[in-house]
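Asks: Structure provided below as structure tokens; questions to follow.
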Amino acid sequence: MTTTQTQPQVQQWTNLAQQLRVDSIRCTTAAGSGHPTSSMSAADLMAVLMISYLHYDFDTPKLPNNDHLIFSKGHASPLLYSMYKAAGAISDEELMTLRKFGSRLEGHPTPALPWVDVATGSLGQGLPIGVGVALSGKYLDKLPYHIWVLLGDSEMAEGSQWEAFDHASHYKLDNLVGILDCNRLGQRGETELGWNTEAYAARAKAFGWNAIIVDGHNYDEINKAYAQAIQPNGSPTLIIAKTIKGKGVSFLENVNGWHGKALSKEQEAKALDELHPNVRSMTFPVQKPENKQPAPLPEKKPLELPRYELNGGAVATRKAYGDALKALGAADPEVVGLDGEVSNSTYTEEFAKTYPDRYFEQYIAEQQMIAAAVGMSVREKKPFASTFAAFLSRAYDFIRMAAISRANIRLCGSHAGVSIGEDGPSQMALEDLAMLRAVYGSTVLYPSDPNQTAQLVAEMAQHDGIVYLRTTREKTPVLYGTDEKFEVGGSKVIHQSAQDKVTVVAAGITLHEALQAYDQLKDQHVLIRVIDAYSVKPIDAETLITAAQETGKLIVVEDHWPEGGLGDAVLEVFTEADGPLPQVVKLAVQSMPGSGTPAELLEEAGISAHHIVQAVRALL
């Protein structure tokens, strides 16, 4: 390969842009699938960025000073991978493995490549995540790196984009630059606004952004826009670039029906002839960032968790979460708090009051809250994001994609189940355990006691992946001593004897119902085993199998719909275990709840102590 250091800048931009188009066609044709035309429209935008504005050390992708380039329009991955080749980060041989089994070059970018911060492809996520990275850069790292987000015009219809526009302006993120590749054509035809660049500009300005309209194939206009965008003025910038889909090849330009289609070998030859591919195998140097140090952090301290005394009164696990998060913030300066404007209910306010510089209010924008947490994890912070558990369903696609991004984020969902009482079903999370259990590599925890909660919050900070803690609105008795230990994957057998007839498995609010049932049955000379399955995923299979062998019958009781929650987690243990299946009864919420007191709703749902007693007697 040759370099282009001696050629004039415009010629460098031209050469790189055409090389990016050639390679986008070559690799997608070899794959037999992909999005060459979506890549070709943004090639000029990326050529100017890469040569003249991007500061990145490809040899050290985790360098704190590196800029961040996020392809929100992840289907343009051929363009991104062609940039990596042009930078000398990957070989032409690897480029030609696009979309092949075992290749790092997947159909949409993922962190299988070290230069990819986050997985994209579910549209409308790159900019919200970019907000999270930008928050880290401006307020935590305090480094001058920029976040460049390539956006597609189709994804501007996603509501999550406008949550990002709102929050980026609110936090004055002038280190964030959106580059809108406005090529008019989506998957099935023209986009909502087509080439109405003024409409995009008006919307961006209404949210407090700088908006710059350019011809996306005019190097002078692109260059001036980037130069303006990197000037700090307290506002993020959106560059709205009018482009042509399939630019550079006559039979592809602005032609509908080419989205997501690779060229045939014959079409490839014709296209490459127009692009003069014989001079398109160059390496283009990318500027290295300045060598600056992130803002110094306070020293780590020993963790001193809150302690709740037995017989000291009832404490809600949501309150214990807030207390423990505050304690964790004192011990670990990398811990960051986020909340969706319910911090006085989730008790994240305890952290916010003590560490305001590490707390970021996300208001009623749950998609943006998860995205910001993912963005902060890119910069190796330890984000804890909290809201009512029911509202996490709104952000589920972001949670799903966070797992693909290999993100390390901690989530807390409060006000779970019918036990929240009078607020009614719109506020009751009855799907959250199923939802979070289904996420790849996730950890799902459901404490029943404040000391247990505090211990599990500390565990969350040490675990990678998506870690979810479900907390309860109601105050509940302290069950465990202050020195009791709880580990992810564990459980606690609270009552056990050789005479146990049935095992009751519960967690959270229903554990307290199970303990009341134990007392009632004991008075009737019936002994049951009670297991606190606080680690829903991974679940303590060994303890459950032992209980099944010794009692033969299990009742699982949960404040959740019957599908996908604790009951199904228990059943899965026995589908994978050797030996006969035990008899398993699931007590769960079966009908749509309304308003009422927690006690009334637990009784109506069939998961109260009274119903547990009935279920035991029915089994016997």
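The values are calculated or read from the model by the stated rules, or taken from the named source; none is laboratory data. Because the structure is predicted, anything quoted here is derived from the model rather than measured. Using ideal geometry, Cβ is built from the backbone for each residue, glycine included, and neighbour counts are taken over all protein chains shown.
Asks: Filter the stretch 392-403 down to residues that are in contact with a strand residue (DSSP E or B) (Cβ under 7 Å, 6 or more places away or on another chain) and either among the hydroxyl-bearing types (Ser, Thr, Tyr) or surrounded by fewer than 24 Cβ atoms within 10 Å (Cβ to Cβ) (or both), then give me how many there are. Give the derivation first.
Replies: Narrowing the stretch 392-403 to residues in contact with a strand residue (DSSP E or B) (Cβ under 7 Å, 6 or more places away or on another chain): 392, 399, 402-403.
After this cut, where a residue has to be either among the hydroxyl-bearing types (Ser, Thr, Tyr) or surrounded by fewer than 24 Cβ atoms within 10 Å (Cβ to Cβ) (or both) as well, the list is 403.
Selection size over the stretch 392-403: 1.
Asks: Also, I was wondering about something else. So, Gln452, is that one without any contact (Cβ under 8 Å) to a residue 40 or more places away in the chain and not charged (D, E, K, R) or not?
Replies: no
Asks: Tell me, please, whether a residue that is touching a residue at least 60 places away in the same chain (Cβ under 8 Å), within 19 Å of the chain's Cα centre (by Cα) and either closer than 28 Å to Asn65 by Cβ or part of a strand (DSSP E or B) (or both) can be found in the stretch 168-178.
Replies: So far as the stretch 168-178 goes, yes, one or more of its residues are touching a residue at least 60 places away in the same chain (Cβ under 8 Å), within 19 Å of the chain's Cα centre (by Cα) and either closer than 28 Å to Asn65 by Cβ or part of a strand (DSSP E or B) (or both).
Asks: List pairs: first in the stretch 327-355 and more than 13 Å from Val457 (Cα to Cα), second aromatic (Phe, Trp, Tyr) and surrounded by fewer than 17 Cβ atoms within 10 Å (Cβ to Cβ), Cβ under 7 Å, 6+ apart or cross-chain?
Replies: Taking only residues 6 or more apart or on different chains, the pairs are Gly340/Tyr363; Glu341/Tyr363.
Asks: Is there any pair linking a residue in the stretch 516-532 that is more than 15 Å from Leu619 (Cα to Cα) to one that is surrounded by 13 or more Cβ atoms within 10 Å (Cβ to Cβ) and hydroxyl-bearing (Ser, Thr, Tyr), with Cβ under 7 Å and at least six apart or on different chains, and which?
Replies: Pairs found: Val530/Tyr518; Ile531/Ser491; Ile531/Thr503; Ile531/Thr543; Asp532/Ser448; Asp532/Ser491.
Asks: On the basis of being surrounded by 12 or more Cβ atoms within 10 Å (Cβ to Cβ), under 30 Å from Leu328 (Cα atoms) and at pLDDT 95 or above, does Tyr308 make the cut?
Replies: Yes; evaluated as a whole, the condition is true for this residue.
Asks: With the requirement that a residue be touching a residue at least 12 places away in the same chain (Cβ under 8 Å) and either loosely packed, with under 14 Cβ neighbours inside 10 Å or touching a helix residue (DSSP H, G or I) at 6+ places or on another chain (Cβ under 8 Å) (or both), what does the stretch 288-298 give you?
Replies: Glu290, Asn291, Lys292, Gln293, Pro294, Ala295, Leu297, Pro298, listed by residue number.
Asks: Right, here's the next one. Looking at the stretch 100-137, which of its residues are at positive phi and surrounded by fewer than 19 Cβ atoms within 10 Å (Cβ to Cβ)?
Replies: Result: Gly102, single match.
Asks: Quick one: would you say Leu263 is surrounded by 19 or more Cβ atoms within 10 Å (Cβ to Cβ) and part of a loop (DSSP other than H, G, I, E, B)? Give the derivation first.
Replies: Numbers: surrounded by 19 or more Cβ atoms within 10 Å (Cβ to Cβ): yes; part of a loop (DSSP other than H, G, I, E, B): yes.
Considered against the rule, which asks whether it is surrounded by 19 or more Cβ atoms within 10 Å (Cβ to Cβ) and part of a loop (DSSP other than H, G, I, E, B), Leu263 comes out as yes.
Asks: Here is a follow-up. Could we say that Gly441 is crowded, with 24+ Cβ neighbours inside 10 Å and either assigned by TED's automatic domain parsing to the domain that holds Pro383 or in a loop (DSSP other than H, G, I, E, B) (or both) here?
Replies: no
Asks: Here is a list of conditions, (1) surrounded by 23 or more Cβ atoms within 10 Å (Cβ to Cβ); (2) more than 23 Å from Ala314 (Cβ to Cβ), and Gln496 meets all of them except one; can you say which number that is?
Replies: (1)
Asks: If you scan the stretch 330-345, which residues turn out to be within 14 Å of Leu140 (Cα to Cα) and not charged (D, E, K, R)?
Replies: Of everything in the stretch 330-345, those that are within 14 Å of Leu140 (Cα to Cα) and not charged (D, E, K, R) turn out to be Pro333, Val335, Val336, Gly337, Leu338.
Asks: Condition first: over 15 Å from Lys492 (Cα atoms) and touching a helix residue (DSSP H, G or I) at 6+ places or on another chain (Cβ under 9 Å). Now tell me which residues in the stretch 444-462 satisfy that.
Replies: If the condition is that a residue be over 15 Å from Lys492 (Cα atoms) and touching a helix residue (DSSP H, G or I) at 6+ places or on another chain (Cβ under 9 Å), then Val444, Ala454, Val457, Ala458, Met460, Ala461 are the ones that fit.
Asks: Same structure again: Tally time: how many residues in the stretch 214-231 are assigned to a strand (DSSP E or B) and surrounded by fewer than 19 Cβ atoms within 10 Å (Cβ to Cβ)?
Replies: Adding up the residues that qualify gives 1.
Asks: Here is a follow-up. If Ala461 meets every condition in (1) surrounded by fewer than 24 Cβ atoms within 10 Å (Cβ to Cβ); (2) assigned to a loop (DSSP other than H, G, I, E, B); (3) among the aliphatic types (A, V, I, L, M) apart from one, which number is that one?
Replies: Single failed check for Ala461: (2).
Asks: Next up: Picking from Glu198, Glu221, which residue would you name as being free of Cβ contacts under 8 Å to residues at least 12 places away in the same chain, in the same structural domain as Met156 (by TED's automatic domain parsing) and farther than 19 Å from Ser169 by Cα?
Replies: Glu221
Asks: Do you know which of the residues in the stretch 266-287 that are within 35 Å of the chain's Cα centre (by Cα) and not in a loop (DSSP other than H, G, I, E, B) is surrounded by the fewest Cβ atoms within 10 Å (Cβ to Cβ)?
Replies: Gln287
Asks: Of the residues that make up the stretch 404-412, is at least one assigned to a helix (DSSP H, G or I), within 18 Å of the chain's Cα centre (by Cα), in contact (Cβ under 8 Å) with a residue 24 or more places away in the chain and surrounded by fewer than 24 Cβ atoms within 10 Å (Cβ to Cβ)?
Replies: Within the stretch 404-412, one or more residues are assigned to a helix (DSSP H, G or I), within 18 Å of the chain's Cα centre (by Cα), in contact (Cβ under 8 Å) with a residue 24 or more places away in the chain and surrounded by fewer than 24 Cβ atoms within 10 Å (Cβ to Cβ).
Asks: From (1) surrounded by fewer than 24 Cβ atoms within 10 Å (Cβ to Cβ); (2) under 18 Å from Asn233 (Cα atoms), pick out the condition that doesn't hold for His167.
Replies: Status for His167: all satisfied but (1).
Asks: Which of the residues spanning the stretch 236-251 are under 21 Å from Tyr219 (Cα atoms) and either of a type in the set (Gly, Ala, Ser) or in a loop (DSSP other than H, G, I, E, B) (or both)?
Replies: First, the residues of the stretch 236-251 that are under 21 Å from Tyr219 (Cα atoms): 237-250.
Of everything in the stretch 236-251, those that are under 21 Å from Tyr219 (Cα atoms) and either of a type in the set (Gly, Ala, Ser) or in a loop (DSSP other than H, G, I, E, B) (or both) turn out to be Ala241, Thr243, Ile244, Lys245, Gly246, Lys247, Gly248, Val249, Ser250.
Asks: Give the residue that is nearest to the chain's Cα centre (by Cα), with candidates limited to residues of the stretch 360-381 that are farther than 19 Å from Ala416 by Cα and surrounded by fewer than 21 Cβ atoms within 10 Å (Cβ to Cβ).
Replies: The residue in question is Glu380.
Asks: Looking only at the stretch 477-507, count how many residues are small (Gly, Ala, Ser) and not in a loop (DSSP other than H, G, I, E, B). Don't jump to the end; show me each part of the working.
Replies: So the first thing to find is which residues in the stretch 477-507 are small (Gly, Ala, Ser), and the list is 481, 489-491, 497-498, 506-507.
Imposing the further condition that a residue be not in a loop (DSSP other than H, G, I, E, B) reduces the set to 506.
So the count comes out to 1.
Asks: Could you run through the stretch 291-329 and say how many residues are of a type outside the set (Gly, Ala, Ser), under 27 Å from the mean Cα position of the chain (by Cα) and not in a loop (DSSP other than H, G, I, E, B)?
Replies: 8
Asks: Determine, yes or no, whether Pro302 is without any contact (Cβ under 8 Å) to a residue 60 or more places away in the chain, of a type outside the set (Asp, Glu) and surrounded by fewer than 19 Cβ atoms within 10 Å (Cβ to Cβ).
Replies: For Pro302, the condition - without any contact (Cβ under 8 Å) to a residue 60 or more places away in the chain, of a type outside the set (Asp, Glu) and surrounded by fewer than 19 Cβ atoms within 10 Å (Cβ to Cβ) - is met.
Asks: If I filter the stretch 244-257 down to residues being in contact (Cβ under 8 Å) with a residue 60 or more places away in the chain and within 17 Å of Ala43 (Cα to Cα), which single residue comes out as surrounded by the fewest Cβ atoms within 10 Å (Cβ to Cβ)?
Replies: Here the answer is Asn254.
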